[in-house]
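Enquirer: Quick one: this structure, given as structure tokens, is what I'll be asking you about.
A short reminder: the numbers here are calculations on the coordinates, not readings from a lab. Bear in mind that the values here come from a model prediction, so they are computed numbers and not experimental data. Virtual Cβ from ideal backbone geometry, glycine too; neighbours counted across all protein chains shown.
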Amino acid sequence: MSGKREQWASGHGFVLATIGAAVGLGNIWRFSYVAGENGGGAFLIIYLLCVVFVGASIVFAEMALGRQASGDAVAAFENSSPGSRWRYAGWVGVIGSFLILSYYSVIAGWALKYLVGGLTGILWLAAGEGFGGYFNRFISNPGEPVAWQMAMLAATMFVVAGGVQRGIEAINRILMPLLALFVVGLAAYAATLPGSGAGWRFLFVPDWSVLLQREVYIAALGQAFFSLGVGMAVFITYASYMTRETRIPLFGSAIIVGDTLFAIVAGLAIFPAVFAFGMNPEAGPQLAFITLPQMFLAMPGGEFVGPLFFALLVAAALTSMISLLEVPVASVVHRTRLNRWGATTVIGVAVFAVGIPSAMSFGLLSGIQISGRGLLDFIDQTVSNYVLPLAGILICVYVGWRWDRSTALSAADLAGKSVGLIWLWLLRLVAPAMILLILFDSTGAL
């Protein structure tokens, strides 16, 4: 490892950067359509319980592991268990982040395409052919999705190459307040639309019959994992830049609350408008790129609101992409003689190359199916349903059982606190059991 390891300039900067890592397409695009497909209010209750009792326990464990080691995701295991095979657990998170970024950058490129289209007016001209046709024509184009993917990756590489304080922390100090203003402003505007109350009721008034549906629990747990970024080694890597004075319970709780509130407010920006214009809240992944443009075109001031929404998507995607790229970059810097610029270039180019098949999976490579799925969907499902749950279980076992009780509680700043034992047993028993549900459901065992 070359040189002195970087640190965050302040706890405030760390919180903003880490909330930025968690807040992304999962909070805006994915949360809205998953909640829409799973009953709204009842899903929200289960989702919040999953965040509190499963997601939070693993977030605290990842932060404790990262700060304790003051190294990259692999070094976090190597330093506390030298010579053991636990180092491979770190590589699971690194590989997961790399693979997620390869297809996440493709979807982020779609958002950038729509932002530019909304600002130039090209998007609104497509209303004649229908936004479904516009979207399908775009993603099936042999070169366009690749170009927009490259644009988002280039921006991400530029920030990460700048370092922890001057790159990652600096951009999040700008983007996160803007994101908060964007999403609150859109939610306030949506609340003024006639009929928007139906959207509020959908999100906050539970249909209790939904609680009898097993798939809702699986969807809520999966969304909690995806939204928080559990298992991606992001919290391990970001926490490795923390000072010893940074209190994990305080800052970890702030990050979890900030991420969760962002998802809920994003839902308040989308569902009231969806109901106000008679759209379908169960529109699925196409909600952001087909359903919402139709709605923006119909609403007063929609040609201004539309670009604002896609700017929100792009900014949120960028903050998450930065954290996903930082995970493998930190590992390369730690293990090679490459400086940060060199490591960022190597990893960024590799991510771009691996992501090209995903970008072309709806066009030239649409005929390639694996287990009945296109390439992008296959990689997404594989990482979300297998790699991330595996990484999550390894974290639970390592911090919860490999470390002794006093080491784990001390590393998480919970020694001598009654809540510490609750956290430890959630980590040891509840979180692994819930993660196994995802794995069993993914394999069709349930």
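Enquirer: Work the Kirkwood hydrodynamic radius out for region 92-189: mean of 1/r over every pair of different alpha-carbon atoms, inverted, in Å.
Expert: 15.7
Enquirer: Moving on to the next point. Which ordering of 260, 237, 336, 246 is given by a fewest-first count of other beta-carbon atoms within 10 Å?
Expert: By the 10 Å Cβ count, ascending: 336, 246, 260, 237.
Enquirer: Report, in degrees rounded to the nearest 10, the 0 to 90 angle that the Cα long axis of helix 340-359 makes with the longest principal axis of the chain.
Expert: With both axes taken from Cα atoms, the answer is about 50 degrees.
Enquirer: Taking all pairs of distinct Cα atoms, average 1/r, flip it, and tell me the Kirkwood hydrodynamic radius of region 303-446 in Å to one decimal place.
Expert: So the Kirkwood estimate lands at 19.0 Å.
Enquirer: Now for a separate question. Treating region 1-67 as a set of equal point scatterers at the Cα positions, no solvent, please give the Debye-formula log₁₀ I(q)/I(0) at q = 0.13, 0.25 Å⁻¹.
Expert: -0.55, -1.19
Enquirer: Compute the long axis of helix 41-50 from its Cα atoms, compare it with the longest principal axis of the Cα atoms of the chain, and write down the angle in degrees, 0 to 90, nearest 10.
Expert: Helix 41-50 sits at roughly 20 degrees to that axis.
Enquirer: Okay, next question. To the nearest 500 deg cm²/dmol, what mean residue ellipticity at 222 nm is calculated for the chain from DSSP H runs of n ≥ 4 alone, each contributing -39,500 (n - 2.57), summed and divided by the residues?
Expert: -22000 deg cm²/dmol
Enquirer: Kindly state, as a whole number, the per residue volume in cubic angstrom of the convex hull around the alpha carbon atoms of the chain.
Expert: Enclosed volume per residue, from the Cα hull, is 136 Å³.
Enquirer: If the elastic network links every pair of Cα atoms under 10 Å, which of 372, 93, 39 fluctuates the most in the Gaussian network model of the chain?
Expert: 372
Enquirer: What is the fewest-to-most order of 405, 30 by other Cβ atoms lying within 10 Å of their Cβ?
Expert: So the ranking, lowest neighbour count to highest, is 405, 30.
Enquirer: If you average 1/r over all unlike Cα pairs in region 324-393 and invert the result, what Kirkwood radius do you get in angstrom?
Expert: 13.9
Enquirer: Which of these, 123, 421, 101, has the largest mean-square fluctuation under a Gaussian network model of the chain (Cα springs below 10 Å)?
Expert: Looking only at 123, 421, 101, the largest GNM fluctuation is found for 421.
Enquirer: Quick one: length gained pulling residue 140 to residue 354 fully straight, 0.36 nm per residue minus the C-alpha distance?
Expert: Value of the extension gain: 75.2 nm.
Enquirer: Between the helical axis of 11-22 and the dominant principal axis of the chain, each derived from Cα atoms, what acute angle in degrees is found, rounded to the nearest 10?
Expert: For 11-22 against the chain, the angle is about 60 degrees.
Enquirer: Follow-up. Arranged by the count of other C-beta atoms within 10 angstrom, fewest first, what order do 114, 241, 217 take?
Expert: 217, 241, 114
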